[in-house]
Amino acid sequence: MKFYDFMRNYRLFSLFSCLLLVASFAIGCIGCGEDEDDNVNGEVEAYDASEILDHYANNVVLEIYTDLDTKAGELLTAVKALEENTTQANLETAQEAWKATRIPWEISEAFLFGPVDTQGLDPALDSWPVDHVNLQSVIDSDDELTVDFVSGLEDTQKGFHTIEFLLFREGDQRMASDITAREMEYLISSVMNLKDSTAQLQNAWASNGENFSNTVATAGADGNSVYPSQSAGLQELVNGMITIADEVANGKISDPFNEEDTSLVESQFSFNSIADFQNNIRGIQAVYTGNYNNDGPGLDDFVSGEDSDLDSRFKSEVMSAIEAIGVIPNPFRDSITKNRPAVQNAIDAVETVHQTLKQNILTLVEESEFN
């Protein structure tokens, strides 16, 4: 090949190589620009939380409230049997029915928003501590203790803890023979009033009732003024867990512990306090995992996809809190003075759950993009 031909071919080859390099660079830049636009618009990273919200509303919250109403019905059956035949066996059956009804209620405290709040059902069902003097004044009065009368009483004179006081009294096993006619009348009407409240609450979420479940499940849909975005719905869910974690760590356990005052202990007459606290944390567990009676999409599906270490850590913290509460010797009202290290460990464990929810999980939801 002549030198002239060689140089001509070389220049052509170099030109061709440069053109290929420029074209490749241009294509690469176009691709980069499209990725940046997608990230700016949130199109790539947006998460569809519709299945989580739907399962939460219909298979967690509604299922728990349905269970609560069923158990309240069983409690009513038990106290009516006690009224008809006031035996020790029937009293103990009613006591166990009260404890069984507490389980779904305490679990449900992980979502004290919506109708339970707006319809005033939370304080009517579960105000404490009860006032012994006021309770006795009702018993000693000449008022006819009908359901309507009980419904109009102060919140601390009805609901779970009035029933607890009448069934258990001071923690020692109550004798059925000690129940007076007035106490029985007050007991029956109080349980009937409680059952009316649980039915009202279940109806408020049911699809064939007021259907608040649909309001939560369709967060972000057009026309949803309560939850205009999926993020708003998920934040409500997380804030419900934050509220009960804070209450258990810094109220239910801490208040009687710090004051060394047994009158501040929830469920003190039945010695059911520790079970109550554990079920509050199990409520957090059910909400987070979407698992109550049947498993389904939960908030953990979103969190694990964004930060698997956070998901694993939080699940471990929840289990540790349940276990730490369970280590406290029963009854809790004695342990606030006799077993203070165990109580403090439980406070610390629940506070860890509280802080992770508030500082990490809520922040993750607030900063993420949803459909």
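The values are calculated or read from the model by the stated rules, or taken from the named source; none is laboratory data. Note that the structure is predicted; figures quoted are calculated from it, not measured. Cβ sites come from the backbone with ideal geometry, for glycine too, and all protein chains shown count toward neighbours.
In table form, for the structure just shown:
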| read-out | value |
| --- | --- |
| Selection within the stretch 317-345 - more than 18 Å from residue 243 (Cβ to Cβ) and small (Gly, Ala, Ser) | 320, 324, 326, 335, 342 |
| Given (1) touching an Asp or Glu at 6+ places or on another chain (Cβ under 9 Å); (2) closer than 29 Å to residue 293 by Cα; (3) assigned to a helix (DSSP H, G or I), index of the condition residue 113 fails | (3) |
| Residues satisfying the stated conditions in the stretch 184-205, i.e. among the aliphatic types (A, V, I, L, M), farther than 17 Å from residue 157 by Cβ and buried (at least 18 other Cβ atoms within 10 Å of the Cβ) | 201, 204 |
| Verdict on residue 227 being in contact (Cβ under 8 Å) with a residue 24 or more places away in the chain and surrounded by 20 or more Cβ atoms within 10 Å (Cβ to Cβ) | no |
| The lone exception for residue 222 - which of (1) out of contact with any helix residue (DSSP H, G or I) (no Cβ under 9 Å at 6 or more places or on another chain); (2) crowded, with 16+ Cβ neighbours inside 10 Å it fails | (2) |
| Lone unmet requirement of (1) part of a helix (DSSP H, G or I); (2) crowded, with 19+ Cβ neighbours inside 10 Å for residue 156 | (2) |
| Unmet criterion (only one of (1) more than 21 Å from residue 171 (Cβ to Cβ); (2) hydroxyl-bearing (Ser, Thr, Tyr); (3) in contact with an Asp or Glu (Cβ under 9 Å, 6 or more places away or on another chain)) for residue 337 | (1) |
| Test: residue 82 is in contact with a Pro (Cβ under 9 Å, 6 or more places away or on another chain), under 30 Å from residue 182 (Cβ atoms), crowded, with 23+ Cβ neighbours inside 10 Å and not charged (D, E, K, R) | no |
| Enumerated helices (runs of 4 or more DSSP H) restricted to the stretch 1-93, each holding at least 1 residues that are closer than 30 Å to residue 163 by Cα and modelled with pLDDT of 95 or more | 62-84 |
| Residue that is nearest to residue 183 (Cα to Cα) [pool: residues in the stretch 121-153 that are touching a residue at least 12 places away in the same chain (Cβ under 8 Å) and part of a loop (DSSP other than H, G, I, E, B)] | 145 |
| Residues being buried (at least 21 other Cβ atoms within 10 Å of the Cβ) and under 19 Å from residue 255 (Cα atoms) - total across the stretch 348-371 | 4 |
| Yes/no for residue 297 being closer than 23 Å to residue 67 by Cα and part of a loop (DSSP other than H, G, I, E, B) | yes |
| Flag for residue 106 being touching a residue at least 12 places away in the same chain (Cβ under 8 Å) and closer than 18 Å to residue 275 by Cα | yes |
| Answer from 265, 353 - the residue that is modelled with pLDDT of 95 or more and closer than 25 Å to residue 239 by Cβ | 353 |
| Close pairs (8 angstrom Cβ cut-off, 6 or more residues apart or separate chains): touching a residue at least 12 places away in the same chain (Cβ under 8 Å) and farther than 17 Å from residue 88 by Cβ in the stretch 170-193, part of a loop (DSSP other than H, G, I, E, B) and of a type in the set (Lys, Arg) anywhere | 190/158; 193/158 |
| Condition met for residue 313 (basic (Lys, Arg) and under 29 Å from residue 256 (Cα atoms)) | no |
